[in-house]
Every structure is written in structure tokens, then in C-alpha cells.
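Visitor: Here you go, one structure.
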């Protein structure tokens, strides 16, 4: 069969044409796939521990009821805080050495976390209360090591993808992360806990994650950090290593593209609150409106399943749309998904088969997760790609780490706001009052979601109104270049 005939068949067959779009990733080479394997195993380790973290601290390490969730929150806060510092380190010392430092601390911290309680009591003869300080030290070390992963992996994705393949490359990066999130619950945590019930099963989950980190670290040793899919983006090692971290941070802050990016990041804060709701507020809302038998595991797996399926289906289509427009659409959809939970449950009685308040809440929760996940799969990969495109070629990791600012702010803000709203509008025992009609809208969970809806919708509206000032469809055109850099201008994406 001639090449012309094959081309004709491909152009006429929609299915062949669809899958041929993925062929662009062949341009990226082995380093791109190594990076995705690193992301997959690191993500698998993260999601397995985050599911059982509070239970592990309480049941295995002896933390009190109030202390266990507190230290889980501190872990996520430390992680966001440390990310700001490590991005510049990656830009200065290079990818492989940054991976080495990050994974060394991450694996050591996880070992201290998983074995610290036993070591303190059995070897050092400490009480369980005192051995908790060893566990807390492990949490701090683990969070510092984990902070290296996001900016370093994002930098790797940009470095190892061509301009044509970069949007698809960041989609695959997010796809692999969500595959890890899906498998963590249904294929790792639940089977281990069924096989080994009790605190020992929780420790096994933590130790399994440590093994995953070791596998991920092994993949980093095969990466060629001197390879650039776009040769024009390569910088000399001497120029990068001549900077000190504080000097590099100062340079980044003074750059106009970063200042515009920072304003853009602040504008996304409202919708970022919705993202933090998934693990800070939603579990209490689920169990207090429907009951303790609510299927938390199923709902936790639904979001990554939709994102994985959605990305596989629409990845070849996304490249035809503007990155900024996709971000705005994604934010808008995720924000507006809260309407489904702001509607009084009685409104769902018009649908066949919905006869009780609990059934109405379940349908609202299910639909909200589905719609939110669709918005997330449009927004999150594009957001990561956008930040990577804004960044100058020698400061990608610095920009990626500072891009974590919205989530760093959203977590403590939502911790305070969410705690107050839950205590007044979604307190324990409210389900019985709702069933008897003794709760007004202004004191109900629906009003709580109305407040969140208003805060979330502000983000896409603000970005739409200021789009020409702070965001650009071709941000790489505005990225500053070093005065001593005499390389050719970068080719622009179509």
C-alpha cells in the first residue's frame, strides 16, 4: 500500500485520525516517559498515604483525635510552604541533583514516619506520647522532600517536550497523576486493609508508599538532564549555577511577566478554594447529611476516574483551543458545579426515584463531583502548562514553585472559613433537623455552598474582565531573556 493511500485512509477514518494525534509524543523521547514514571510512582505513594494518614497517626502512632487531622493539615501546609524555597534550588543545581536531594529526604522522612513509633517505644524505650515527636519529625522531613517533586517534575516535562507536543505532554503528566490517585484507593489501600485489618494494615500502606518512592528515585538515575527537546531552550550550566537562591528569587520577583503571573494567581484564589474543599470540607458534609455509611471510597475514586477518562477522550481535541480559554472554561465549570449543592434538596424530588432527602443529597453530590472533575481536567493541566510557558528558560522551576501560592493561601483560609461554616451550617446531627423541616435555608448546608459558590465564581469573572492585562494566549513571547543570551528566538506554537 502506498504512502498516499495510507494518508487517504487516515484522513477519512475518524478513529485512526483521533489516535494519530497521540503520535506527537514520539517527538519527546525516553526522558519524557521516565519523568512520567517518576510522577506515577511518586503520586501513587502520595495518594496512598493521604487516604489513611489521619487513621495511621491515630490508630498506629497513638495521636489523639484532634491531633491526627491537625498534623495531616500541617503536612499539606508544610508541603506548600517548602515548595516556594526549592524551585530556585532546582534551577541552580540541575534536575538530577535536585531529584537526589528531594528523594533522599522524602524516603528518609517516610521511613521515620513509618517506623518512628516502634523505634521510639521498643529501641529507645520511650512512651507512646514521646515517640510521637519522632513521627512528627518524619512528617516535617517528608514534607520537605515532597516539595521538590512538583517543580522538578514540571520542569522536566517542559524540558523534554517539543513546542508542538508540550500541551499533550502536560495532559499526560496530569493523566498519570490521576491514574495513581485512582489506583491508590481501589487497588492498594482497600486490598491491603482487607488483607491486614487494623493498625498493621495502615503501616503496610505507608511502607508500600515508601517502596514506590524508591522505585521513582531509581527512574531519576536514568534521566539525561542535558537533553532539551527544544535546543534553543538550553542554557549553560555555568550561568545557572552562578546564581544564589535568594538572588534568583529577587530576579524572579522583579520580572514583569512574573508580576503579571502573580496577579493572575491571586485571581484564581476563589476557585482554588473549591479544590481544597474536596479533602477539607466534603467528607464531613457527606457523612453529616447522608450518614456514616456514605461510600467515601467510591466518591474519592470517582473524581480521578472521570479525569482519566476525560483526558484520554479529549486530549487530541484540546490542542485546537486557546490555553487561556480552556483555563477560564475549566474554572467556570468547577465553580458552577457548586450550584447543584446550593439547591435545596426538595428541588430534586421532581426527578423519578428521588423520594428522600438522603437520596437528593446523594444525587447532588454525585453530579457535583462529575461536573467539577470535568472542569478540573480542563483547568489544571492547562494551568501547569501556562506557568511553564510564562517562565524564562532558566527559571522554570522557580516559577513553578511560586505558582503554588494560591493553594498555599487557600488551605489555611479554607481551614478557618470552612471550619466556621461547617460548625454553624453542617454540624453533627443536622440531618435529623433537615428531615423534619426545622432548618431554614439561611442556616442550612445549602447556604454554606451558596457562600462558596459566590467566592468561586469571582475567579473566572475577574480573569475574563482583566484577560488582556494579566494573561496572554502566547505568554512565552513576554518571557524575559538574559541580556547575554544570544540564542535565536523560540518558535511560537501554532
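Visitor: What does the highest-first list of 260-273, 140-153, 428-441, 356-369 look like by mean Cβ count within 10 Å?
Guide: Values: 260-273: 21.4, 140-153: 24.3, 428-441: 12.3, 356-369: 18.5.
Top of the packing list down: 140-153, 260-273, 356-369, 428-441.
Visitor: Over what distance in Å are the Cα centres of the stretch 86-140 and the stretch 324-376 separated?
Guide: Taking the Cα centre of each part, the stretch 86-140 and the stretch 324-376 sit 40 Å apart.
Visitor: How much length, in nm to one decimal, is gained on full extension between residue 413 and residue 33, taken as 0.36 nm per residue of separation minus their Cα-Cα distance? Numbers along the way, then the final one.
Guide: On the way: separation 380, 0.36 × 380 = 136.80 nm, distance 3.68 nm.
Length gained between residue 413 and residue 33: 133.1 nm.
Visitor: Suppose each label sits 7 Å from its Cα in the direction of the beta carbon; what would the residue 74-residue 443 distance come out to in nanometres?
Guide: Each label point lies 7 Å from its Cα, and together they span 3.6 nm.
Visitor: While we're looking at this one, here's another question. Extending each Cα 7 Å along its Cβ direction at residue 93 and residue 108, get the distance between those two points in nm, one decimal.
Guide: In this crude spin-label approximation the distance works out to 1.1 nm.
Visitor: Using 0.36 nm times the number of residues separating residue 218 and residue 312, minus their current alpha carbon distance, what extension gain do you get? All intermediate terms of the calculation are to be shown ahead of the outcome.
Guide: Details: separation 94, 0.36 × 94 = 33.84 nm, distance 2.76 nm.
Gain on extension, residue 218 to residue 312, equals 31.1 nm.
Visitor: With the Cα gyration tensor of the stretch 27-225 in hand, convert its eigenvalues to equivalent ellipsoid semi-axes via √(5λ) and list them largest first in whole Å.
Guide: Working: eigenvalues 199, 67, 36 Å².
Here the semi-axes work out to 32, 18, 14 Å.
Values quoted throughout were computed directly from the atomic coordinates according to the rules given, and no laboratory measurement underlies them. In this text the structure is predicted, and so the values were computed from the model without any measurement. Glycine gets a Cβ as well: all are built from the backbone with ideal geometry, and neighbour counts include every protein chain shown.
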